[in-house]
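Notes follow the structure.
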Amino acid sequence: MFALKSGQGKGVAAGPRALGVSFLADRFVLPRWLRRPVRLFSRLGTGDFTPPRYAASMATAVLFAATGLYGSYVAGNLPAVVQSVTARTGFAVDQVRIVGHRETSEIDILDKLGLDGWTSLIGFDADHARTAISELPWVKVASVRKVYPDALEIRIEEREAFAIWQHGSQLSIIGEKGNVIVPFTGGRHAALPLVVGRHAAEGAAAFIATLRDYPEIASRVKGYIQVADRRWDLRLDNGITIRLPEDGAQAALAELVGMVKDDGLLTRDIVAVDMRLADRVVVQLTPEAAAQREAALAALGKKKPGKKA
């Protein structure tokens, strides 16, 4: 009765005790997920709990495992341990799907991934792989995605080939901004326009864009030659060279289109059309046409006036 009254007088109900600590119901209520561990801990403190068989062996194994993991962590070998364990439990990379590649070889992409047959998908560094793939010459953007439990998905966006750039004796495939992608080795890229000159790669896109307004000429251009880093020559599909001025290239092109339409200029026996002078157009004949012209002029000069009947 004293205890009950004493408890009532304090307004406190007796609660469970763990290691001498009383948990009072009206002052503190444990979360549901903590109640079972606290009861077990309380029983351990009072000696009412009997451990299961092999508990000591299991505790020893856990201790050794924890010690081994800690040692691996300190030595820097933990990632390798994780790789080895998870790869042998069904997470080894077994499939690689590559999307978006046309110029880039699958072998080059796989080489950048560094797979060895027992690479774990869990421990695989996707960011490092993406950076490595992005270093390939044709790759503009790359993404690497893990598809559990055993697959990688690689998506790449490649650079667009714009032209073949000749600098000295070297030929390279370049992008629209003049960036060198890879050396030119022939094949299907042989149909690209040829850009010649030390700094021609940087300015080629802007100059070629101006020719789109003159399709009669643009469709026949096979080479764009930058002269002295200042002006351009056009090499046409029939071997004729058009020499454009440094200033007023568009006006010269418009005049050239008029001569092509009216006089069929590009169908004649000529090797070059020089439009560098603002007040005249100079046409250079082929050697054969020049010889025939000289012979005709010579014959005309030797011809004597005839007698009247």
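The values are calculated or read from the model by the stated rules, or taken from the named source; none is laboratory data. Small disclaimer: the values here were computed from a predicted structure and weren't measured. Note: ideal-geometry Cβ built from the backbone for every residue, glycine included; neighbour counts use all protein chains shown.
General remarks:
- Options Asp247, Asp229: the member that is touching a Gly at 6+ places or on another chain (Cβ under 8 Å), in the same structural domain as Arg268 (by TED's automatic domain parsing), free of Cβ contacts under 8 Å to residues at least 60 places away in the same chain and surrounded by fewer than 15 Cβ atoms within 10 Å (Cβ to Cβ): Asp229
- Taking residues in segment 140-152 that are touching a residue at least 40 places away in the same chain (Cβ under 8 Å) and of a type in the set (Phe, Trp, Tyr), and partners anywhere that are surrounded by 13 or more Cβ atoms within 10 Å (Cβ to Cβ) and assigned to a strand (DSSP E or B), not one pair has Cβ atoms closer than 7 Å while being at least 6 places apart or on different chains.
- Among the residues of segment 186-203, those that are of a type in the set (Gly, Ala, Ser), farther than 13 Å from Lys222 by Cα and part of a helix (DSSP H, G or I) comprise Gly187, Ala200, Ala201, Gly203.
- Set Val139, Val144, Val99: member being farther than 29 Å from Leu194 by Cα and surrounded by 18 or more Cβ atoms within 10 Å (Cβ to Cβ): Val144
- Scanning segment 105-123 for residues that are surrounded by 11 or more Cβ atoms within 10 Å (Cβ to Cβ) and in a loop (DSSP other than H, G, I, E, B) yields Ser105, Gly114, Leu115, Trp118, Thr119, Leu121, Ile122, Gly123.
- Residues considered: Arg102, Arg130, Arg97, Arg145. Of these, the only one that is in a helix (DSSP H, G or I), closer than 30 Å to Gly175 by Cα and at pLDDT 60 or above is Arg130.
- Tally, over segment 202-219, of residues that are among the acidic types (Asp, Glu) and farther than 18 Å from Ile164 by Cβ: 2
- Residue pairs meeting the criteria (Cβ under 9 Å; at least 6 apart or on separate chains; first among the basic types (Lys, Arg), in segment 278-297; second surrounded by 14 or more Cβ atoms within 10 Å (Cβ to Cβ)): Arg280/Asp274; Arg293/Leu285
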